[in-house]
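Before any comments, here is the structure.
The values are calculated or read from the model by the stated rules, or taken from the named source; none is laboratory data. What you are looking at is a predicted structure, and each value in this text was computed from that prediction instead of being measured. All Cβ positions, even for glycine, are placed from backbone atoms using ideal geometry, and neighbour counts span all protein chains on display. Remember, those area values only see protein heavy atoms, side chains included, never the ligands or the DNA or RNA. Shrake-Rupley method; radii C 1.70, N 1.55, O 1.52, S 1.80 Å.
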Amino acid sequence: MGLRKISQFTETDHAIVVAAVADAERLTTGEIVTIVTDLSDHYDDIAMAWASAIAFIALVSYATFPEFYMGLIDSFSGGWRHEYTTAEYAAFLLAAVALKWIGTWFILKWMPLRLALTPKAKKLARVRSRAISLFKVGTESKTVGRTGVLLYLSMKEHRAEIVADAAIASKVAPEIWGDAMVALLDQVKAGNPGAGVAAAVTQMGIVLAEHFPRGADNPNELPDRLIQL
């Protein structure tokens, strides 16, 4: 999936996040991975659904009021009335519906509008799916004790997810990450995404230190850097 790389994160943001991850992991055997992306999905199916719905509404309208629309066509020919055959009318109808579909599709290439017309539940599901996919590739089973946890932020959907490996998930209920999510989203809404990720990492570190305190051997098994996709 070719998703555009984000530009909101500066070198300073990266440094803040790396420092926060390092500090959090000093007190725990847990390993925190941070990933941020501009967009988790292009929602092409949503654009197609809207284009099809608009085209269908147009079709019903044309079929219900044929005289009105044919009158509009006549007006473009200087008012000269022409008796259209069934085949000609069908051709006009199909062309008009096709133009409606194509026009709506092109309008919805503007991503802010496409996202605005995408149901909230759909965006939440796509962000969650993307987070789990990335977790499986880069975090799951990558630590000896299955103590990896992914913090994933998708900027344009205004959504974030925390996905934990087996050992952590067995001890930490999803709602426990609530403070981390609040800390993240509050800063992102304020225009400080880097600080938000760092604040979330700090809260995640507190939870991990409680359930997975640092032992005698505490290797750094996963990268501390902020990954941008």
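Yes or no: the range 164-184 includes at least one residue that is under 18 Å from residue 128 (Cβ atoms), part of a loop (DSSP other than H, G, I, E, B) and either β-branched (Val, Ile, Thr) or under 19 Å from the mean Cα position of the chain (by Cα) (or both).
yes
Would you point out which residue out of 162, 168 is in contact with a strand residue (DSSP E or B) (Cβ under 7 Å, 6 or more places away or on another chain), open to solvent by less than 40 Å² (accessible area, probe 1.4 Å), more than 17 Å from residue 226 (Cα to Cα) and touching a residue at least 40 places away in the same chain (Cβ under 8 Å)?
On the way: 162 fails: more than 17 Å from residue 226 (Cα to Cα).
The conditions single out 168.
So which residues in the range 138-158 are outside any strand (DSSP E or B) and in contact (Cβ under 8 Å) with a residue 60 or more places away in the chain? I'd like the intermediate steps shown before the answer.
The first filter runs over the range 138-158 and keeps only residues outside any strand (DSSP E or B), leaving 138-147, 155-158.
Those that are outside any strand (DSSP E or B) and in contact (Cβ under 8 Å) with a residue 60 or more places away in the chain: 138, 139, 142, 143, 144, 145, 147, 155, 156, 157.
If I ask for residues that are of a type in the set (Gly, Ala, Ser), without any contact (Cβ under 8 Å) to a residue 60 or more places away in the chain and closer than 20 Å to residue 27 by Cα, which ones from the range 184-218 would you list? Step through it out loud before you land on a result.
Of all residues in the range 184-218, those of a type in the set (Gly, Ala, Ser) come to 190-191, 194-196, 198-200, 205, 209, 215-216.
Okay, now just the ones that are also without any contact (Cβ under 8 Å) to a residue 60 or more places away in the chain, so 190-191, 196, 200, 216.
Residues satisfying the conditions are 200, 216.
Name the residue, out of 115, 94, 99, 151, that is under 25 Å from the mean Cα position of the chain (by Cα) and either within 30 Å of residue 22 (Cα to Cα) or open to solvent by 30 Å² or more (accessible area, probe 1.4 Å) (or both). Quick ask: steps written out before the conclusion?
Details: 115 fails: either within 30 Å of residue 22 (Cα to Cα) or open to solvent by 30 Å² or more (accessible area, probe 1.4 Å) (or both); 94 fails: under 25 Å from the mean Cα position of the chain (by Cα); 99 fails: under 25 Å from the mean Cα position of the chain (by Cα).
After applying the criteria, what remains is 151.
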